[in-house]
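Have a look at the structure below, then the notes.
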Amino acid sequence: MAGTRNLSYLLKAVDVNVGLIGAGNLAIHIAQGFVRAGAVKASQICASSPETKKASIAEFKDLGTRFISDNVKNAELSKLLILAVKPRIIPYVLDELRPIITDEHVILSFAAGVTIASIERKLPENTKVMRGMTNTCVAVKEGATVYAVGRNTSEEDTDLVENLFGRVGTCEEVEESHIDAVTGLSGSGPAYAFEAIEALSDGAVKMGLPRKLALRLGAQSLIGAGRMLLETEKHPGELKDAICSPEGATIYALHHLEKGGFRSLLIDAVEASCKRTKQLQEHGSRDEVDEELIKRV
């Protein structure tokens with residue numbers, strides 16, 4: 001589990017070449033987090049995509065990381081390969097990489113719904129494969145990352161992943177069967193939070209606050225609530241009750257949330273994201289891919 005085996009990452013950058021297969025939003029956020037946290041040197045990060053007009057390419061270059069259009073070349077240069085592409089792209093990417101994957105590579109896939117078994121089936125027999133889920137908050141060192149291991153991974157491989165992602169938030173090992181639910185919770189979670197902050201700030205603006213102040217206070221309220229929950233280890237209901245004084249403003253507000261089905265909506269949102277992740281598994285598990293459908297990585 002995170003932080004229990006190797007604390008060396010607290011002292012120095014990890015000496016490893018990291019290849020990001022894919023150059024979209026998740027890839028640039030991972031790169032930003034690694035560089036800002038000093039987890040790995042910018043010069044040791046390379047992103048690749050055959051689509052060379054992505055807006056994120058300039059951001060990679062501004063970070064001091066490399067960008068190339070050749071996924072195979074990226075794999076030749078890197079030890080840790082992070083698959084940050086859409087599930088439907090995965091079979092194509094694995095077919096492309098298979099001839100040059102060696103026992104030295106570590107494959108970490110963040111493709112939603114794509115199983116370890118389907119990745120191992122596409123790659124050489126002894127390939128070290130992990131499946132994970134993270135979120136875009138790694139960019140500001142507040143990510144939530146989990147991973148599950150394949151049949152060939154070692155403690156050294158999991159230490160590597162924890163050493164990197166432990167620098168940009170939390171990182172822990174889970175059973176693969178839990179990752180779809182993690183996707184619905186913390187993988188999609190920042191989007192729920194952004195939606196909540198926007199709605200809270202709308203309410204505050206309606207009542208007279210300037211927009212920027214409303215956004216800052218709304219965001220800090222969520223940051224503080226999360227930190228308080230983690231540090232006190234108290235049940236959220238207990239912490240909520242401590243804010244709700246008899247006949248006070250907060251209990252009146254919570255009554256309105258209950259009437260609107262607030263908690264049920266959040267439960268439904270996590271369930272919907274999880275179910276969609278399971279549906280995406282079909283795309284990532286195909287043995288053959290129609291290359292006409294593969295327009296960009």
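Yes/no matrix, rows are residues, columns are (1) in contact with a helix residue (DSSP H, G or I) (Cβ under 6 Å, 6 or more places away or on another chain); (2) of a type outside the set (A, V, I, L, M):
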| residue | (1), (2) |
| --- | --- |
| Thr232 | no, yes |
| Lys240 | no, yes |
| Cys244 | yes, yes |
| Ala253 | no, no |
| Glu258 | no, yes |
| Phe262 | no, yes |
| Leu266 | no, no |
| Ala272 | no, no |
| Gln281 | no, yes |
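Tell me which residues, restricted to the stretch 212-229, are farther than 17 Å from Cys137 by Cα and surrounded by fewer than 11 Cβ atoms within 10 Å (Cβ to Cβ).
Lys212 - this is the single residue of the stretch 212-229 that is farther than 17 Å from Cys137 by Cα and surrounded by fewer than 11 Cβ atoms within 10 Å (Cβ to Cβ).
Looking at (1) farther than 28 Å from Arg98 by Cβ; (2) without any contact (Cβ under 8 Å) to a residue 40 or more places away in the chain; (3) of a type in the set (Asp, Glu), which one does Glu125 not meet, given that it meets all the others?
(1)
Residue pairs, Cβ under 7 Å, 6 or more apart or interchain, first in the stretch 32-59 and over 15 Å from Val14 (Cα atoms) and among the polar types (S, T, N, Q), second in a loop (DSSP other than H, G, I, E, B) and open to solvent by less than 30 Å² (accessible area, probe 1.4 Å). List them.
These pairs meet every condition: Ser48/Ala23; Ser49/Gly22; Ser49/Ala23; Ser49/Val297; Ser56/Ala23; Ser56/Gly24.
Go through the stretch 64-99 residue by residue and tally those that are of a type outside the set (Ser, Thr, Tyr), under 22 Å from the mean Cα position of the chain (by Cα) and under 27 Å from Glu156 (Cβ atoms).
So the count comes out to 14.
Taking the stretch 154-192 only, how many residues are open to solvent by less than 30 Å² (accessible area, probe 1.4 Å) and either over 15 Å from the mean Cα position of the chain (by Cα) or modelled with pLDDT under 95 (or both)?
Number of matching residues: 5.
Would you say Leu209 is surrounded by 12 or more Cβ atoms within 10 Å (Cβ to Cβ) and either over 17 Å from Gly189 (Cβ atoms) or touching a strand residue (DSSP E or B) at 6+ places or on another chain (Cβ under 9 Å) (or both)?
For Leu209, the condition - surrounded by 12 or more Cβ atoms within 10 Å (Cβ to Cβ) and either over 17 Å from Gly189 (Cβ atoms) or touching a strand residue (DSSP E or B) at 6+ places or on another chain (Cβ under 9 Å) (or both) - is met.
Confirm whether Leu20 is of a type outside the set (Phe, Trp, Tyr) and in contact (Cβ under 8 Å) with a residue 40 or more places away in the chain. Reasoning before the result, please.
Numbers: of a type outside the set (Phe, Trp, Tyr): yes; in contact (Cβ under 8 Å) with a residue 40 or more places away in the chain: yes.
Against the criterion (of a type outside the set (Phe, Trp, Tyr) and in contact (Cβ under 8 Å) with a residue 40 or more places away in the chain), Leu20 qualifies.
Would a scan of the stretch 157-172 turn up a residue that is out of contact with any Lys or Arg (no Cβ under 8 Å at 6 or more places or on another chain) and without any contact (Cβ under 8 Å) to a residue 24 or more places away in the chain?
Checking the stretch 157-172: not a single residue is out of contact with any Lys or Arg (no Cβ under 8 Å at 6 or more places or on another chain) and without any contact (Cβ under 8 Å) to a residue 24 or more places away in the chain.
Name the residue that is farthest from Gln279 (Cα to Cα), counting only residues in the stretch 173-191 that are of a type in the set (D, E, K, R) and in contact (Cβ under 8 Å) with a residue 60 or more places away in the chain.
Glu173
Quick check on my filter: what residues within the stretch 1-21 are at pLDDT below 95, over 17 Å from Thr158 (Cα atoms) and not basic (Lys, Arg)?
Leu11
Kindly establish whether Val146 is in contact with a strand residue (DSSP E or B) (Cβ under 7 Å, 6 or more places away or on another chain), farther than 30 Å from Leu254 by Cβ and either modelled with pLDDT of 95 or more or surrounded by fewer than 17 Cβ atoms within 10 Å (Cβ to Cβ) (or both).
Against the criterion (in contact with a strand residue (DSSP E or B) (Cβ under 7 Å, 6 or more places away or on another chain), farther than 30 Å from Leu254 by Cβ and either modelled with pLDDT of 95 or more or surrounded by fewer than 17 Cβ atoms within 10 Å (Cβ to Cβ) (or both)), Val146 qualifies.
Take the conditions over 22 Å from Thr277 (Cα atoms), modelled with pLDDT of 95 or more, among the basic types (Lys, Arg) and part of a helix (DSSP H, G or I) and apply them to Arg151. Does it pass?
Spelling it out, it is not the case that Arg151 is over 22 Å from Thr277 (Cα atoms), modelled with pLDDT of 95 or more, among the basic types (Lys, Arg) and part of a helix (DSSP H, G or I).
Pairs, please: C-beta under 6 Å, at least 6 apart or cross-chain, first residue of a type in the set (Gly, Ala, Ser) and in the stretch 64-75, second assigned to a helix (DSSP H, G or I) and buried (at least 23 other Cβ atoms within 10 Å of the Cβ)?
Ala75/Leu97
The values are calculated or read from the model by the stated rules, or taken from the named source; none is laboratory data. Keep in mind the model is a prediction, meaning the values are calculated, not measured. Positions of Cβ are backbone-derived with ideal geometry, glycine not excepted, and every protein chain shown enters the neighbour counts. These area figures cover heavy atoms from the full protein model, side chains too; ligands, DNA and RNA do not enter into them. Shrake-Rupley method; radii C 1.70, N 1.55, O 1.52, S 1.80 Å.
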